[in-house]
1. If the Cβ limit is 6 Å and pairs must be 6+ apart or interchain, which residue in segment 138-151 that is within 12 Å of Gln107 (Cβ to Cβ) pairs with which residue that is among the basic types (Lys, Arg) and buried (at least 20 other Cβ atoms within 10 Å of the Cβ)?
2. With the requirement that a residue be in a loop (DSSP other than H, G, I, E, B) and touching a residue at least 12 places away in the same chain (Cβ under 8 Å), what does segment 94-116 give you?
3. Consider only pairs whose beta carbons are under 7 Å apart and that are at least six residues apart or on different chains; among these, list those whose first residue lies in segment 205-229 and is among the basic types (Lys, Arg) and whose second residue is surrounded by 14 or more Cβ atoms within 10 Å (Cβ to Cβ).
4. Could you say whether any residue in segment 206-220 is under 23 Å from Asp173 (Cα atoms) and either out of contact with any helix residue (DSSP H, G or I) (no Cβ under 8 Å at 6 or more places or on another chain) or exposed (fewer than 14 other Cβ atoms within 10 Å of the Cβ) (or both)?
5. State all residues of segment 156-172 that are under 19 Å from Ala120 (Cα atoms) and surrounded by fewer than 20 Cβ atoms within 10 Å (Cβ to Cβ); if no residue qualifies, say none.
6. Say whether the condition of being under 27 Å from Thr113 (Cβ atoms), in contact with a Leu (Cβ under 7 Å, 6 or more places away or on another chain) and in contact (Cβ under 8 Å) with a residue 24 or more places away in the chain is met by at least one residue in segment 189-202.
7. Name the single residue, out of those in segment 117-140 being outside any loop (DSSP other than H, G, I, E, B) and of a type outside the set (D, E, K, R), that is nearest to the chain's Cα centre (by Cα).
8. Would you confirm, using the coordinates I've provided, whether Leu186 is at pLDDT 95 or above, buried (at least 17 other Cβ atoms within 10 Å of the Cβ) and either in contact with a strand residue (DSSP E or B) (Cβ under 7 Å, 6 or more places away or on another chain) or closer than 27 Å to Ala151 by Cα (or both)?
Amino acid sequence: MGMRSNMKKAGILLFLMLVIAVAGVGAGVYIEWNGKERQEKETEPAKKEKEPGENTGSSFEPARINDSAEESAEDELIDFSALRERNPDIFAWIQIPGTSIDYPVLQSGQSDTFYESHNAYREEDDAGAIYIELANLTSMCDFNTVLHGKAGTDESGLFADLYRFADSDFFADHEYVYLDLDGNVLVYEIFAAYERENTSLIRTYDFTYLSGCRQFLDDLYEVRDMSMNLREGWENVNEYNYLITLTAEEENAERQFVVVAVLIQDTAGTIERTVTE
């Protein structure tokens, strides 16, 4: 009896050892397989993000490096190298939060009217592009830099959203224009929105002289149109400030709608000019 009992115990012990061994091998195989799977997942290429400056459709997408308007000039928002590869006429990018205005700004070296009929790719396009004339500097150091854009009778123009500033509530709630240059970020505060005669601001006023700057401001503040919006606290803009005037232009219209903004932040500190009496 004793020998048979001992043999039975030995058999049970051997069986348990075999079960443990098989389980150990299985666990090792699982650990090895699971580890390989995890490693493969970790080394799998990430989904390709849109490259700065990559075009995603028919519209001209911003070559945006990040989306914070508070970044310094060293941490540029716009990749101008990528933009200039597509069109060397691009020198700035304009954005007005709360509107659809988020476009490159161009200056043609061949004609002031080139971008009336061409888009930012230099393709023929009735919608045109946002542009300045040769009389203005791309450094944005003029007293008044005039940016042109079509409004469009069907509200499809690049500057059609400027008309929203005719509404006093919208005007009150939307104050700022951001203009990115290569190495600088400029912030402007919108202080006036109104209709004026559809004439060329550049040809009506000589902004290279203080007298021309004063005349523009005098004419602005003397507007008696009840639909004009003026921001409180900016009643004393003078000829030593730096302005941008955005013009919403409709073909053959007798009037044009303009939005005027004054520079309040020059991130890189490069905006300066010599004033001529």
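1. none
2. Ile96, Pro97, Gly98, Thr99, Ser100, Ile101, Gln107, Ser108, Gly109, Asp112
3. Listed by first residue and then by second, the contacts come to Arg214/Glu239.
4. Within segment 206-220, one or more residues are under 23 Å from Asp173 (Cα atoms) and either out of contact with any helix residue (DSSP H, G or I) (no Cβ under 8 Å at 6 or more places or on another chain) or exposed (fewer than 14 other Cβ atoms within 10 Å of the Cβ) (or both).
5. Ser156
6. So far as segment 189-202 goes, yes, one or more of its residues are under 27 Å from Thr113 (Cβ atoms), in contact with a Leu (Cβ under 7 Å, 6 or more places away or on another chain) and in contact (Cβ under 8 Å) with a residue 24 or more places away in the chain.
7. Ile130
8. Yes; evaluated as a whole, the condition is true for this residue.
The values are calculated or read from the model by the stated rules, or taken from the named source; none is laboratory data. It should be emphasised that the depicted structure is a prediction, and the values quoted were computed from it without experimental measurement. Note that each Cβ is placed from the backbone with ideal geometry, even for glycine, and that neighbours are counted across all protein chains shown.
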